[in-house]
Amino acid sequence: MAFFPEIQRIRYEGASSTNPLSFRHYNADEMVEGKPMREHFRFAVAYWHTMRNMGGDPFGPGCAVRPWEDGTDSVDMAIKRARVAFEFMEKLTVPFYCFHDRDVAPEGKNLAETNANLDKVVKVLKEEQARTGIKLLWGTANLFSNPRFVHGAATSPNADVFAYAAAQVKKALEVTKELGGVNYVFWGGREGYVNLWNTDLKRELDHLARFFHLAVDYKKKIGFGGQFLIEPKPKEPTTHQYDFDAAACINFLRAYGLTEHFKLNLETNHATLAGHTMMHELVYASGQGLLGSVDANRGDLLLGWDTDQFPTDLYLTTSIMLVILGQGGLAPGGLNFDAKVRRESFEPVDLFHAHIGGMDAFAHGLKIAAKIRADGVLKDFVGTRYASWDAGIGQQVEAGKATFEDLERYMLDRGDAGRNVSGRQEMLENIINRYVEIA
């Protein structure tokens, strides 16, 4: 049975195409910097937004038209929904998908029944992966929706909740391994606090670290070779979440001896909520060797919450691809469209329009970024700006061969610091504009 009978396989038609159900820039086989586009991106569909989002918001229920839905959260509906998802992804020509355990299968009356429900759906996911060749980029566990997680999961003051979360992650890891997933993500949806008057912050952080170490131990035990990822988010739903931003996450990983086991999965909308640009988060994580994967979306800068819009801003996608190209790629990570169609875009075809736009924007951004790199405009400028560190006293400082006494003698001889040179910010912004305009 076809669930999208009116939609043909989405194909690349070139920049002159006016067909909204075609790619204008994403040509999976096109070579850029020695790799085909598909390998640069490793695009993935987010199961939760694409298959489970019905368009509800705080002011009204969902209005999405999804003809395959029967209004239940049964295992039979979950199995049917999985078939729909793979038809959608196959026609979109996307190579990966991502899911939370509770996205794909409903909870039962107890943990045993919940696990049995998941096993039934995983069997179908496995069949569909084999049929289509679509792979699992990463799996994860939903440790935030159920009321048991009202005070957090690994950071809950209730030890039973910690134990339940551990059992849930254990199962999710097993399922991710069974499906051939190449990453596993931890997002601390409610790992944080609302009020410090009732919170033992240090104890909660210790518990969170213990939870991660237990996960690492079990990963090794079952022979799961995928990359562990932590996804930063500063707030919403908590006032302050422990995985606030890239810097906070990396500091946490270092403090608790976890850096060799984890990298970061960064999201644009979360960077916005933290008061950062996405490029800042990417550059920070990449500079520490801990950039692992990307949730591709954007927020509305006029709104202070997580709108999860599809990324269509060429300046955003260009900046993201500049960093990814600079570190040689994301694999085994990828670009997951953690984005949802707007409530007003409620027909099934809108799911295709949204993903096509995001994939095209990234393909366009990749080509712009590659041209900027080929011409060396940023690299040459930055290299010149920091030239004083390549020889003389600067080189000695970086090599660890200069003391405060050496630096004092150096300045006493010179009398004063050398003349600063303009950062040419506006000129560089104009140059980037030029590349975007001519791409």
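Data for the structure
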{"item": "Failed item in (1) closer than 30 Å to Val377 by Cα; (2) modelled with pLDDT of 95 or more; (3) buried (at least 18 other Cβ atoms within 10 Å of the Cβ), with Gly287 passing the rest", "result": "(3)"}
{"item": "Strands (runs of 3 or more DSSP E) fully within the range 24-142 counting 2 or more residues that are of a type in the set (S, T, N, Q) and surrounded by 21 or more Cβ atoms within 10 Å (Cβ to Cβ)", "result": "none"}
{"item": "Positions within the range 240-259 being open to solvent by 40 Å² or more (accessible area, probe 1.4 Å), touching a Gly at 6+ places or on another chain (Cβ under 9 Å) and within 18 Å of His276 (Cβ to Cβ), in sequence order", "result": "His240, Phe244"}
{"item": "Where Lys379 falls short, out of the listed (1) within 37 Å of the chain's Cα centre (by Cα); (2) charged (D, E, K, R); (3) exposed (fewer than 10 other Cβ atoms within 10 Å of the Cβ)", "result": "(3)"}
{"item": "Residues of the range 396-425 satisfying the condition of being over 17 Å from Ser319 (Cβ atoms), assigned to a helix (DSSP H, G or I) and open to solvent by 100 Å² or more (accessible area, probe 1.4 Å)", "result": "Glu398, Phe404, Glu405, Glu408, Arg409, Leu412, Asp413, Arg414"}
{"item": "Hey, Lys367 in contact with a His (Cβ under 9 Å, 6 or more places away or on another chain), open to solvent by 50 Å² or more (accessible area, probe 1.4 Å) and in a helix (DSSP H, G or I) or not", "result": "yes"}
{"item": "Evaluation of Thr18 against (1) open to solvent by 90 Å² or more (accessible area, probe 1.4 Å); (2) over 30 Å from Glu69 (Cα atoms); (3) touching a helix residue (DSSP H, G or I) at 6+ places or on another chain (Cβ under 8 Å); (4) among the polar types (S, T, N, Q) (one fails), failing number", "result": "(3)"}
{"item": "Search result, residues across the range 166-205 that are of a type in the set (A, V, I, L, M) and crowded, with 23+ Cβ neighbours inside 10 Å", "result": "Val169, Ala172, Leu173, Val175, Val185"}
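Quick grid of which residues meet (1) in contact with a Lys or Arg (Cβ under 8 Å, 6 or more places away or on another chain); (2) within 30 Å of Thr317 (Cβ to Cβ); (3) touching a residue at least 60 places away in the same chain (Cβ under 8 Å):
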| position | (1), (2), (3) |
| --- | --- |
| Asp29 | yes, yes, no |
| Lys35 | no, yes, yes |
| Tyr47 | no, yes, no |
| Thr50 | yes, yes, yes |
| Val65 | no, yes, yes |
| Met77 | no, no, no |
| Ala85 | no, yes, no |
| Phe88 | no, yes, yes |
| Phe99 | no, yes, no |
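The values are calculated or read from the model by the stated rules, or taken from the named source; none is laboratory data. Note that the structure is a prediction, hence the values are computed from the model and not measured. FYI the Cβ positions are ideal-geometry reconstructions off the backbone, even for glycines, and counts take in every protein chain you see. Only protein heavy atoms, including side chains, enter the accessible area calculation; ligands, DNA and RNA are left aside. Shrake-Rupley method; radii C 1.70, N 1.55, O 1.52, S 1.80 Å.
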